[in-house]
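Participant: Before I ask anything, here is the structure I am working with.
The values are calculated or read from the model by the stated rules, or taken from the named source; none is laboratory data. What you see is a predicted model; the values in this text were computed from it and never measured. Quick reminder, even Gly has a Cβ in these numbers, built from the backbone with ideal geometry, and neighbours come from all protein chains shown. Note: accessible area is taken over every heavy atom of the protein model, side chains too, but ligands, DNA and RNA are not part of it. Shrake-Rupley method; radii C 1.70, N 1.55, O 1.52, S 1.80 Å.
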Amino acid sequence: MTIYLPDAEWRHRSGLDGLFAALEAAEGKARFVGGAVRDGLLGLPVNDLDIATTLGPQDVVDRLKRAGIKAVPTGIDHGTITAVLPDGPVEITTLRRDVSTDGRRATIAYTDDWREDAARRDFTINALYADPLTGAISDYFGGIADLEARRLRFIGDASARIAEDHLRILRYFRFLARYGDNELDSIAYDACVAAANSLMALSRERIADELLKLLGVAAPVHALRLMVEGGILRPVLPEVDAAGIGRVHQLISREAEAGIASSALRRLAALLPPDATLADGVGARLKLSNKARKRLVVALEPAAAVESPRALAYRVGLEGAIDRLLLDLDRPLAVLTPLRDWTPPALPIGGGALIARGLTPGPDVAKALRAVQDEWVAEDFPDATRVAAIADQIVSKFQRARQ
């Protein structure tokens, strides 16, 4: 029996008809593949569109140009072209087979055999293709049955698939967290555990990207717990332990109860021991951006016991304050209430206003301005009228001290 992809809005995005005409989809030369098919069958939102084609990459480029579609050779050495459509980019990749692999990268050859292309993919649920015109699904390895059963299986031998690309270990747990509601495939899990040390051969950027994707799914705790129990992360993140999993679990509950959108970086902070210096070192090891590293540090710095939530947000930023207050599991969620729909304001006075009040230009101006700011923050950011009165008091104090 032929299974069909349900019709959905994403299948009618602007420019897709012209794209498929250029790729001769009606002649069977192009199909949707991977996540769009998988999530489309599940009725989940589809964001990224990937297309597989029997056409060679240069042929794809030439056809798109003739059709007036911008073509970007984002991965042309590996057969991938990005078509820029009005509703967003679409990746088009020529069917491939692996010639050789070393766990980090593969030498590939192009093919026109759909099953051969499917065989080099990781999981059965990712090796699904859909005719863009009819929606008919091509399933070579039982992916539809696995999807219906919420079962995650490698294609063929799990150890062989992992040996081809070590990142598949982390991908396994990410997909398990999102789709694997059924009984754990012990063969796949054991293969991941046995190959965990191979993660050390991967770039830290790839590890960080995959870990953050895992932490970003709705319910990552079970998968994370399996990773800790199997020593999966130990070779690259030995700091992560069962206590960290517990903190992530509590954080997710607090995010939901407070109605605050989840954050993969915030969850990474929870996963790590509550030590800002250690977190900065982990961020450097994972080669996170300076902005991401700073967020980890701010989230895990000790909070001043007497500092109000708004004072904290003014000092470290609203995002940093929310992170820290959510991660402080002893704090009631009510402390977040003053931050709802609030943006830290700018101090409504400057050094010139203090000089106009008679303060002598020089170091005293900066010191006095800081004193004004400190009092303004302590009084919970009163309006300009009150700030003017504070400035009068501070200037008078500095003038008396200089007499």
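Participant: When residues of region 110-144 are filtered for being at positive phi and in contact (Cβ under 8 Å) with a residue 24 or more places away in the chain, how many remain? Steps first, please.
Facilitator: We begin by selecting, within region 110-144, every residue at positive phi; these are 135, 142.
The next check asks that each one be in contact (Cβ under 8 Å) with a residue 24 or more places away in the chain; those that pass are 135.
Summing the residues that are at positive phi and in contact (Cβ under 8 Å) with a residue 24 or more places away in the chain in region 110-144 gives 1.
Participant: Now for a different question. Mind checking which pairs have a first residue in region 76-96 that is under 13 Å from residue 117 (Cβ atoms) and a second that is among the aromatic types (Phe, Trp, Tyr) and open to solvent by 10 Å² or more (accessible area, probe 1.4 Å), Cβ under 7 Å, 6 or more apart or different chains?
Facilitator: Short answer, once both residue conditions are applied: 79/110; 94/110; 95/110; 95/114; 96/110.
Here's the yes/no breakdown for (1) in contact (Cβ under 8 Å) with a residue 40 or more places away in the chain; (2) surrounded by fewer than 20 Cβ atoms within 10 Å (Cβ to Cβ); (3) in contact with a His (Cβ under 7 Å, 6 or more places away or on another chain):
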site	(1), (2), (3)
185	no, yes, no
191	no, no, no
205	yes, yes, no
217	yes, yes, no
229	no, yes, no
238	no, yes, no
259	no, yes, no
270	yes, no, no
273	no, yes, no
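Participant: Here's a follow-up. Here is a check on your reading of the model: is residue 117 open to solvent by less than 20 Å² (accessible area, probe 1.4 Å) and outside any loop (DSSP other than H, G, I, E, B)? Write out each step before concluding.
Facilitator: Numbers: open to solvent by less than 20 Å² (accessible area, probe 1.4 Å): yes; outside any loop (DSSP other than H, G, I, E, B): yes.
When the stated conditions are applied, residue 117 passes them.
Participant: If a residue must be assigned to a strand (DSSP E or B) and either open to solvent by 50 Å² or more (accessible area, probe 1.4 Å) or under 19 Å from residue 171 (Cβ atoms) (or both), how many such residues does region 46-71 contain? Write out each step before concluding.
Facilitator: Our first condition is that a residue be assigned to a strand (DSSP E or B); within region 46-71, this holds for 49-53, 70-71.
Adding the requirement that they be either open to solvent by 50 Å² or more (accessible area, probe 1.4 Å) or under 19 Å from residue 171 (Cβ atoms) (or both) leaves 50, 52, 70.
Here the count works out to 3.
Participant: I would also like to ask the following. Just one of 107, 93, 74, 82 is within 24 Å of the chain's Cα centre (by Cα), surrounded by fewer than 17 Cβ atoms within 10 Å (Cβ to Cβ) and part of a strand (DSSP E or B); which is it? Please lay out each step first, then the result.
Facilitator: On the way: 107 fails: within 24 Å of the chain's Cα centre (by Cα); 93 fails: surrounded by fewer than 17 Cβ atoms within 10 Å (Cβ to Cβ); 82 fails: surrounded by fewer than 17 Cβ atoms within 10 Å (Cβ to Cβ).
Exactly one of 107, 93, 74, 82 is within 24 Å of the chain's Cα centre (by Cα), surrounded by fewer than 17 Cβ atoms within 10 Å (Cβ to Cβ) and part of a strand (DSSP E or B), namely 74.
Participant: Name, by its number, the condition in (1) closer than 24 Å to residue 325 by Cα; (2) open to solvent by less than 30 Å² (accessible area, probe 1.4 Å) that does not hold for residue 199.
Facilitator: The number of the failed condition is (1).
Participant: Being farther than 22 Å from residue 381 by Cα, part of a loop (DSSP other than H, G, I, E, B) and open to solvent by 40 Å² or more (accessible area, probe 1.4 Å) is the filter here; which residues of region 347-361 pass it?
Facilitator: Within region 347-361, 358, 360, 361 meet the criteria.
Here is a yes/no grid of residues against (1) farther than 17 Å from residue 210 by Cα; (2) assigned to a helix (DSSP H, G or I); (3) touching a helix residue (DSSP H, G or I) at 6+ places or on another chain (Cβ under 7 Å); (4) not aliphatic (A, V, I, L, M):
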{"site": "250", "(1), (2), (3), (4)": "yes, yes, no, yes"}
{"site": "267", "(1), (2), (3), (4)": "no, yes, yes, yes"}
{"site": "283", "(1), (2), (3), (4)": "no, yes, yes, yes"}
{"site": "288", "(1), (2), (3), (4)": "no, no, yes, no"}
{"site": "291", "(1), (2), (3), (4)": "yes, yes, no, yes"}
{"site": "295", "(1), (2), (3), (4)": "yes, yes, yes, yes"}
{"site": "298", "(1), (2), (3), (4)": "yes, yes, yes, no"}
{"site": "302", "(1), (2), (3), (4)": "yes, no, no, yes"}
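Participant: When you check residue 324 against the structure, is it open to solvent by 30 Å² or more (accessible area, probe 1.4 Å) and out of contact with any Ser or Thr (no Cβ under 9 Å at 6 or more places or on another chain), yes or no?
Facilitator: When the stated conditions are applied, residue 324 does not pass them.
Participant: Applying the selection to region 123-145, what residues are in a helix (DSSP H, G or I) and aliphatic (A, V, I, L, M)? First the steps, then the outcome.
Facilitator: First pass over region 123-145, keeping only residues in a helix (DSSP H, G or I): 124-126, 143-145.
Within region 123-145, 125, 144, 145 meet the criteria.
Participant: Return the pairs, sorted by first residue and then second, in which the second residue is part of a helix (DSSP H, G or I) and open to solvent by less than 60 Å² (accessible area, probe 1.4 Å), the first residue lies in region 378-403 and is under 19 Å from residue 314 (Cβ atoms), the beta carbons are less than 6 Å apart, and the residues are 6+ apart or on different chains.
Facilitator: Going by the 6 Å Cβ cut-off, the qualifying pairs are 387/376; 390/372; 391/372; 394/368; 394/371; 394/372.
Participant: Might you check whether a residue that is in contact with a Pro (Cβ under 8 Å, 6 or more places away or on another chain), at pLDDT 95 or above and more than 24 Å from residue 6 (Cβ to Cβ) occurs anywhere in region 208-216? If you could, list the steps in order and put the result at the bottom.
Facilitator: Applying the first criterion (in contact with a Pro (Cβ under 8 Å, 6 or more places away or on another chain)) to region 208-216 yields 214.
Filter once more, so that each one left must be at pLDDT 95 or above: 214.
If we keep only those that are more than 24 Å from residue 6 (Cβ to Cβ) as well, we get 214.
Yes, because at least one residue in region 208-216 is in contact with a Pro (Cβ under 8 Å, 6 or more places away or on another chain), at pLDDT 95 or above and more than 24 Å from residue 6 (Cβ to Cβ).
Participant: Can you tell which of 295, 310 is charged (D, E, K, R), touching a Gly at 6+ places or on another chain (Cβ under 8 Å) and touching a residue at least 24 places away in the same chain (Cβ under 8 Å)?
Facilitator: Values: 310 fails: touching a Gly at 6+ places or on another chain (Cβ under 8 Å).
From the options 295, 310, the qualifying one is 295.
Participant: Just to check your reading of the model, which residue among 73, 89, 57 is out of contact with any Lys or Arg (no Cβ under 6 Å at 6 or more places or on another chain) and within 30 Å of residue 178 (Cβ to Cβ)? Explain how you work it out, then say what you get.
Facilitator: Numbers: 73 fails: within 30 Å of residue 178 (Cβ to Cβ); 57 fails: within 30 Å of residue 178 (Cβ to Cβ).
Only one candidate passes the filter, namely 89.
Participant: Can you find, within region 282-298, the residue that is farthest from residue 321 (Cα to Cα) among those that are small (Gly, Ala, Ser) and exposed (fewer than 15 other Cβ atoms within 10 Å of the Cβ)? Spell out the reasoning first.
Facilitator: We begin by selecting, within region 282-298, every residue small (Gly, Ala, Ser); these are 283-284, 289, 292.
If we keep only those that are exposed (fewer than 15 other Cβ atoms within 10 Å of the Cβ) too, we end up with 284, 289.
On the way: 284: 22, 289: 20 Å.
By that ranking, first place goes to 284.
Participant: With respect to residue 224, determine if the residue is buried (at least 20 other Cβ atoms within 10 Å of the Cβ), within 20 Å of the chain's Cα centre (by Cα) and either basic (Lys, Arg) or part of a helix (DSSP H, G or I) (or both).
Facilitator: Working: buried (at least 20 other Cβ atoms within 10 Å of the Cβ): yes; within 20 Å of the chain's Cα centre (by Cα): yes; either basic (Lys, Arg) or part of a helix (DSSP H, G or I) (or both): yes.
Yes, satisfied.
Participant: Restricting the search to region 146-165, which residues are open to solvent by less than 60 Å² (accessible area, probe 1.4 Å), over 11 Å from residue 122 (Cα atoms) and in a loop (DSSP other than H, G, I, E, B)?
Facilitator: The one that is open to solvent by less than 60 Å² (accessible area, probe 1.4 Å), over 11 Å from residue 122 (Cα atoms) and in a loop (DSSP other than H, G, I, E, B): 149.
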